[in-house]
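Engineer: Structure in structure tokens, see below.
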Amino acid sequence: MRSAISPELNALIGQKWQRPPLVKRAWLRWMLMIGFAAYLIASFMTIDVNWTRVYEGLDRGAAFILAFTSPDFTSRAGDIWDGMVESIVMTVAASVVGIAISIPIGLGAARNIAPMPVYLICRGIVAVSRALQEIIVAILLVAIFGFGPLAGFLTLSFATIGFLSKLLAEDIESMDRVQAEAIKASGARWMQWINYGVQPQVMPRLIGLSMYRIDINFRESAILGLVGAGGIGATLNTAFDRYEYDTAAAILIIIIGIVMALEYLSGIIRARVQ
Amino acid sequence: MPYHEQNGTRVWQRRTRSESLTRWFGWLLSVAVFVYCWQQISAATTWFFVTDAPRIAGDIWDRATPPKWEYFAQLGRPIWDTLNIATLGTIIALFLAVPTAFMAARNTTPSTVFVRPIALLIIVSTRSINSLIWALLLIAIIGPGVFAGVVAIAIRSIGFCAKLLYEAIEEINEVQVEAITATGASRWQVMVYGIVPQILPAFAGIAVFRWDINIRESTVLGLVGAGGIGLQLSASLNVLAWPQVSLILIVILFAVVISEWVSAKVRGAII
């Protein structure tokens, strides 16, 4: 049976086995390694770290970590409460509006149900919304609409549209055509076709994605305050500026707690709809 | 099957009466919550500014165009810094994420009772806090500059990378691990020959994916003083130099598009 073995395998017989490398071509592997090493050296040379400053800061770092063991929820309770309520209000309103707008745009961005012009417009909206980061959009909207939660609400809605429409469109594009066809064959109008043929197929995933997006929106709403767009971020920034680490630790603990609760909740909801 | 009577014939309907009623109340509650939230936002808004917004937007647009192209000469160093923050941050994060992931995965953790909860806590807490907040904190601790940005990106990325990696570890094929174990391999040899080759493609994919996200995030870290092109953005915004702002936004947009393209190419080559 020796002849049945391929020549490459034949050549390997008797040699010591070696693990196959991740990149097959040797020259490419070496090029990547050398290039990477050169880049690392260049970047280390240009980062100037003020080690004495870092060393001095270690005490403050330790103080901050210790602050987590004794967070101060009470002395700024009013500010924390107001900021948190504003963050949650922004999250809820922006998620509702964002999801409501992203459903038609998601339908339009799915190639198998939308005509070409609509498809291009909707894909354009998705691309613009995804390319701009929340914080930059927030800066521009604060400049236009003034300080306050309205700018944050608009920012989060805009970001939700890009995220949710894209994933919804991809889900619609990979749906089972047969079921949609069956509804169409029964003489359904376009709306009925979407409602009974498409919607049941994508609904579980849409709910899961919406829950995930609410989670992201809450996390993002915590930083929008840095640029004046409302929410807990402003309170957090002030706490850091005043070196009130115990208050900052309290805010961070609340954020982590709410994110964990949301994740747990979305896990339950996703398990129920799927 | 739910139905209702109409002129003595049964007509199909989607839900039973009680189901419809529950749904209706659910919707009512959601709408009430939304209206309440909207009223809160509305109360905190100066509506005069909103009605005036189109004029202001047009005004800013007039000021921002055309972008000040010659300012690009001063952006070379900030762009390099941004790249460094993202890349070094990703590398440090991966070094820390690998042990965390092995401790968090059910099939490789040394102890489900003590070690795994700690690893999961690290993952959740680093993931739920945005890199801007980490940067804010690190600037207070170790001073402003690129280094604070690198560390902020690194900490923020640990949770993300470790979560995806430990899910990959939990999905490995146990048969291969068993085969390596059957040859008499030690714990470390099982790791190197049985587990690592199976998760290496996932690992490379995660690294590139996170690098792409980190490029995005590091462009804005400068807003709080953590180095990179965001510093220039913040400086230009502070002096209302709108032509410079528009140029920087164009550069950031390009950086984001290029990094996304690179990451898509590399992931396509791996998978």
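The values are calculated or read from the model by the stated rules, or taken from the named source; none is laboratory data. These numbers were taken from a predicted model, which means no experiment stands behind them. Note that we place each Cβ from the backbone using ideal geometry, even for glycine, and neighbour counts take in every protein chain shown.
Engineer: How many residues are farther than 16 Å from B:ALA168 by Cα and among the polar types (S, T, N, Q) when one looks only at the stretch B:97-126?
Structural biologist: Residues meeting the conditions: 4.
Engineer: Can you tell me which condition B:ALA104 does not meet? The list is (1) at pLDDT below 85; (2) buried (at least 18 other Cβ atoms within 10 Å of the Cβ); (3) away from chain A (no Cβ under 11 Å), and all the others hold.
Structural biologist: Every listed condition holds for B:ALA104 apart from (1).
Engineer: When the stretch B:107-130 is examined, which residues are found to be within 12 Å of chain A (Cβ to nearest Cβ) and either farther than 27 Å from B:GLY227 by Cα or of a type in the set (Ser, Thr, Tyr) (or both)?
Structural biologist: Listed by number, the residues that qualify are B:LEU120, B:LEU121, B:SER125, B:THR126, B:SER128.
Engineer: Here's another thing I want to ask about it. Output the residues belonging to the stretch A:186-244 that are part of a helix (DSSP H, G or I), farther than 23 Å from A:PHE68 by Cβ and over 23 Å from the mean Cα position of the chain (by Cα).
Structural biologist: Passing the criteria: A:TRP190, A:MET191, A:GLN192, A:TRP193, A:ILE194, A:ASN195, A:TYR196, A:GLY197, A:VAL198, A:GLN199, A:PRO200, A:GLN201.
Engineer: Name the residues in the stretch A:211-235 that are hydroxyl-bearing (Ser, Thr, Tyr) and within 21 Å of A:THR247 (Cβ to Cβ), would you? So that I can check it myself, show each step before the final result.
Structural biologist: We begin by selecting, within the stretch A:211-235, every residue hydroxyl-bearing (Ser, Thr, Tyr); these are A:212, A:221, A:235.
Listed by number, the residues that qualify are A:SER221, A:THR235.
Engineer: Still on this structure: Among the residues of the stretch A:43-58, write down those that are at the interface with chain B (Cβ under 7 Å from one of its Cβ atoms) and either closer than 13 Å to B:LEU88 by Cβ or in contact with an Asp or Glu (Cβ under 8 Å, 6 or more places away or on another chain) (or both).
Structural biologist: Of the residues in the stretch A:43-58, the ones at the interface with chain B (Cβ under 7 Å from one of its Cβ atoms) are A:43, A:46-47, A:49-50, A:53-54, A:57.
Listed by number, the residues that qualify are A:SER43, A:THR46, A:ILE47, A:VAL49.
Engineer: Okay, next question. Select from the stretch A:245-274 the residues that are surrounded by fewer than 20 Cβ atoms within 10 Å (Cβ to Cβ) and either among the aromatic types (Phe, Trp, Tyr) or not in a helix (DSSP H, G or I) (or both) and write down the one among them that is modelled with the lowest pLDDT.
Structural biologist: Ranking the candidates gives A:GLN274 first.
Engineer: Condition first: at pLDDT below 85 and exposed (fewer than 11 other Cβ atoms within 10 Å of the Cβ). Can you find one or more residues in the stretch B:17-38 that meet it?
Structural biologist: Scanning the stretch B:17-38 turns up at least one residue that is at pLDDT below 85 and exposed (fewer than 11 other Cβ atoms within 10 Å of the Cβ).
Engineer: Another question about this same structure. Say whether the condition of being of a type in the set (Lys, Arg), surrounded by 15 or more Cβ atoms within 10 Å (Cβ to Cβ) and closer than 30 Å to A:GLY233 by Cα is met by at least one residue in the stretch B:215-236. Quick ask: steps written out before the conclusion?
Structural biologist: So in the stretch B:215-236, the residues of a type in the set (Lys, Arg) come out as B:216.
From what's left, surrounded by 15 or more Cβ atoms within 10 Å (Cβ to Cβ): B:216.
The next check asks that each one be closer than 30 Å to A:GLY233 by Cα; those that pass are B:216.
Checking the stretch B:215-236: at least one residue is of a type in the set (Lys, Arg), surrounded by 15 or more Cβ atoms within 10 Å (Cβ to Cβ) and closer than 30 Å to A:GLY233 by Cα.
Engineer: Please report, ordered by residue number, the helices (runs of 4 or more DSSP H) entirely within the stretch B:161-271 with at least 2 residues that are within 11 Å of chain A (Cβ to nearest Cβ). Talk me through it step by step, then tell me what you get.
Structural biologist: Working: elements: B:174-182, B:196-221, B:229-238, B:242-270.
Qualifying helices (runs of 4 or more DSSP H): B:196-221, B:229-238, B:242-270.
Engineer: Is it the case, given these coordinates, that B:GLY145 is under 29 Å from A:TYR245 (Cα atoms) and among the small types (Gly, Ala, Ser)? Walk me through how you get there before you give the answer.
Structural biologist: Values: under 29 Å from A:TYR245 (Cα atoms): yes; among the small types (Gly, Ala, Ser): yes.
For B:GLY145, the condition - under 29 Å from A:TYR245 (Cα atoms) and among the small types (Gly, Ala, Ser) - is met.
For every residue, the table says whether it meets (1) of a type outside the set (D, E, K, R); (2) within 11 Å of chain A (Cβ to nearest Cβ); (3) in a helix (DSSP H, G or I); (4) under 24 Å from B:GLU217 (Cβ atoms).
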| position | (1), (2), (3), (4) |
| --- | --- |
| B:ILE60 | yes, yes, yes, no |
| B:PRO67 | yes, no, no, yes |
| B:ILE79 | yes, no, yes, yes |
| B:THR82 | yes, no, yes, yes |
| B:ILE85 | yes, yes, yes, yes |
| B:THR90 | yes, no, yes, yes |
| B:LEU132 | yes, yes, yes, yes |
| B:ALA135 | yes, yes, yes, yes |
| B:VAL151 | yes, yes, yes, yes |
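Engineer: Please work out if A:GLU181 is assigned to a helix (DSSP H, G or I) and within 30 Å of A:VAL89 (Cβ to Cβ).
Structural biologist: Values: assigned to a helix (DSSP H, G or I): yes; within 30 Å of A:VAL89 (Cβ to Cβ): no.
When the stated conditions are applied, A:GLU181 does not pass them.
Engineer: Next up: For the stretch B:111-130, check the following and say yes or no: at least one residue is outside any helix (DSSP H, G or I), modelled with pLDDT under 90, β-branched (Val, Ile, Thr) and within 23 Å of the chain's Cα centre (by Cα).
Structural biologist: Step one: filter the stretch B:111-130 for residues outside any helix (DSSP H, G or I), giving B:111-114, B:129-130.
Next cut, modelled with pLDDT under 90 only: B:111-114, B:129-130.
Add one more test, that the residue is β-branched (Val, Ile, Thr), and what stays is B:112-113, B:129.
Narrowing the set further to residues that are within 23 Å of the chain's Cα centre (by Cα) leaves B:129.
Within the stretch B:111-130, one or more residues are outside any helix (DSSP H, G or I), modelled with pLDDT under 90, β-branched (Val, Ile, Thr) and within 23 Å of the chain's Cα centre (by Cα).
Engineer: Residue check: is B:ILE155 farther than 21 Å from B:ARG267 by Cα, in contact with a helix residue (DSSP H, G or I) (Cβ under 6 Å, 6 or more places away or on another chain), without any contact (Cβ under 8 Å) to a residue 24 or more places away in the chain and buried (at least 19 other Cβ atoms within 10 Å of the Cβ)? I'd like the intermediate steps shown before the answer.
Structural biologist: Working: farther than 21 Å from B:ARG267 by Cα: yes; in contact with a helix residue (DSSP H, G or I) (Cβ under 6 Å, 6 or more places away or on another chain): yes; without any contact (Cβ under 8 Å) to a residue 24 or more places away in the chain: no; buried (at least 19 other Cβ atoms within 10 Å of the Cβ): yes.
Criteria not met by B:ILE155.
Engineer: Now, a different point. Can you tell me which residues in the stretch A:257-273 are within 11 Å of chain B (Cβ to nearest Cβ) and among the β-branched types (Val, Ile, Thr)?
Structural biologist: The answer is A:ILE258, A:VAL259.
Engineer: Could you pull out the residue among A:ILE80, A:ILE125, A:ILE101 that is closer than 24 Å to A:TRP193 by Cα and in a helix (DSSP H, G or I)? Steps first, answer last, please.
Structural biologist: On the way: A:ILE80 fails: closer than 24 Å to A:TRP193 by Cα; A:ILE125 fails: closer than 24 Å to A:TRP193 by Cα.
Of A:ILE80, A:ILE125, A:ILE101, the one residue that is closer than 24 Å to A:TRP193 by Cα and in a helix (DSSP H, G or I) is A:ILE101.
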